[in-house]
Amino acid sequence: MTNSPKTDIPTCISNQIGNVNMVRVDIGNTKGRTHYIDFITKNHFPKGYSIIYGYDIYGRFFISALYTESPENQTNQENQESVMTLFQRYTDNANFFVTCGNTFFIGSDVRTWHTNNTNNMDVQINKINNFFKMIRTGKTTYDNKRITQQGYETITRTFTLF
């Protein structure tokens, strides 16, 4: 673990998050079953840090956030820690990112973010931008729309860096 200058963070990421308190971690030769960086847990976060970043064995950049959802949003009313990771999907494409982990406002499926697509204003990109907002400001909200028998119900959920 080292406090590294921001020069080792891809510009497309540093432009989104600004100057935040984070630390680079070495994950060694660890890789997920699918070769995704989907194994990051709260145990990877050094004390005092809610944001970590680094590179995997293939040289792909990742950034992870340790966060909690406000208890009033949860059915069990407990403060549960979760991790979301955004990482470079392909070694030969530094502009294509996917998410994994407990992707709070994104769902359990993988979402993509392509930095060169200027027309990409869809829901997925807005949700990933909420991830960047949480990293920049420490907190974000997300309006979760659910289908009910009466139509749609909107629940505002709040997520905070741990």
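Read the figures in this text as sums done on the coordinates, not as results from a lab. Every value quoted in this text rests on a predicted model; they were computed, and no experiment measured them. Here Cβ is always computed from backbone atoms with ideal geometry, including for glycine, and neighbour counts include all displayed protein chains.
Summary of computed values
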item: Fewest-first ranking of Asp38, Asp26, Asp8, Asp92, using other Cβ atoms within 10 Å as the exposure measure; result: Asp92, Asp26, Asp8, Asp38
item: Rounded to whole Hz, the Karplus (6.51, -1.76, 1.60) HN-Hα couplings of region 20-27, x for glycine and proline; result: 10, 7, 8, 9, 7, 10, 9, 9
